[in-house]
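Chemist: Below are the structure tokens for one structure; questions will follow.
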Amino acid sequence: MNRKIRTYAIIWAILLAFFNLICFVTPQEIGGMRTFGGAFWVGYLGITAAFLGQLVCAYFALRQSDRQKLFYRIPLIRISYVGLLLMFAVGGLVMTIPNLPNWAGVLACALVLAFTAIAVLKANAAAELVEGADAAAKTETAFLRGITAQAEQLSAFAVSTEAKAQCRKVYEALRYSDPCSTPALAETEAQIIDAFLDFQNAIKSARSGEEAAAKLLALIAQRSAQCKAGK
């Protein structure tokens, strides 16, 4: 259990204990009404269920070690907290209204719990959808980020001014290319990788990389044209 969850659980336990203290220290007879009657237990169980649900939501949100994922799960805590407050209001009325039929109390509490559960499920689904989109975006841009980083480092191996200029041209071409990749670009990107390896070998072995650079730049330009055509 990480520190965030432990701290939250301690606060949660204190609030639950305080709620129980209020419930069971209150005199059993208030204005002729039996406090521990059937409607009392309906409201009490409804609020306790809301407490437990809120703790579960907080656990699933706070267990995320990645800050971005934690940010996406914050609505789970917020919605469950609002649901708990709403349950406090409805459950409190159910517990204190004289001669309230049990069925009315059960229906009121069930509606609040159902509303909160649906809202929480929607928030979790939205968080998973956004996370999936982020993961897809990272995958789509991984190819160009990786090869651009290699191109930037390649100039350190260039031994001549001409070779350094070629490395610079390749790096700039990759740097300003569309970062998003699609299945339609797979063949061209495979050719770019092969051409880049040829260019890299030429630079590192102090051979002329002019021909390899020209081929690589042509393939990068072809990929850029394909990106524009696909939009």
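Bear in mind these aren't lab numbers, they're just calculated from the coordinates by the rules spelled out. It should be emphasised that the depicted structure is a prediction, and the values quoted were computed from it without experimental measurement. Cβ placement follows ideal geometry from the backbone for every residue including glycine, while neighbour counts extend to all protein chains displayed.
Chemist: Would you mind checking the tilt of helix 186-204 against the longest principal axis of the Cα atoms of the chain, expressed as 0 to 90 degrees and rounded to 10?
Modeler: Taking Cα atoms only, the helix is inclined about 60 degrees.
Chemist: Between CYS180 and ALA125, how high is the FRET efficiency from 1/(1 + (r/R0)^6) when r is the Cβ-Cβ distance and R₀ = 22 Å? Nearest 0.05.
Modeler: Calculated transfer efficiency: 0.30.
Chemist: Sticking with this one: With each label point set 7 Å from Cα along the Cα-Cβ vector, what nm distance links GLN222 and TYR81?
Modeler: Those two pseudo-labels are separated by 5.6 nm.
Chemist: Same structure again: Full extension from GLU152 to ALA190: what is 0.36 nm times the residue separation minus their Cα-Cα distance, to one decimal in nm?
Modeler: Between GLU152 and ALA190, full extension yields an extra 11.7 nm.
Chemist: For the chain, count the residues as N, evaluate 2.2 N^0.38 Å, and divide the Cα radius of gyration by that value, please.
Modeler: 1.80
Chemist: How tilted is helix 161-175 with respect to the longest principal axis of the chain? Cα atoms for both, answer in degrees (0 to 90, nearest 10).
Modeler: Roughly 30 degrees between the two axes.
Chemist: Report the number of Lys pairs in the chain whose alpha-carbons are under 29 Å apart, with separation of 8 or more residues or on distinct chains.
Modeler: Lysine pair count for the chain: 19.
Chemist: Let me ask something additional. What number, rounded to the nearest 500 deg cm²/dmol, is the helix-based mean residue ellipticity at 222 nm of the chain, given -39500 (n - 2.57) per DSSP H run of at least four residues and division by all its residues?
Modeler: So the calculated ellipticity at 222 nm is -28500 deg cm²/dmol.
Chemist: Another question about this same structure. Nearest 10 degrees, 0 to 90: what angle lies between the long axis of helix 67-96 and the longest principal axis of the chain (Cα atoms)?
Modeler: On a 0 to 90 degree scale, this one is about 10.
Chemist: So what J values fall out for the range 205-220 if you push phi through Karplus, 6.51 cos²θ - 1.76 cosθ + 1.60 with θ = phi - 60°, rounded to Hz, Gly and Pro as x?
Modeler: Karplus values, whole Hz, x for Gly and Pro: 9, 6, 8, 5, x, 4, 5, 5, 5, 4, 5, 5, 5, 5, 5, 5.
Chemist: Once phi is turned into θ = phi - 60°, what whole-Hz ³J(HN,Hα) does the Karplus curve with 6.51, -1.76 and 1.60 give for every residue of the range 16-21, x standing for Gly and Pro?
Modeler: Working through the residues one at a time gives 5, 5, 5, 4, 5, 4 Hz.
Chemist: Return the sequence-ordered ³J(HN,Hα) values of the range 118-130 in whole Hz as given by the Karplus equation 6.51 cos²θ - 1.76 cosθ + 1.60 applied to θ = phi - 60°, using x for Gly and Pro.
Modeler: Residue by residue, the range 118-130 yields 5, 5, 5, 4, 5, 5, 5, 5, 5, 5, 5, 5, 5 Hz.
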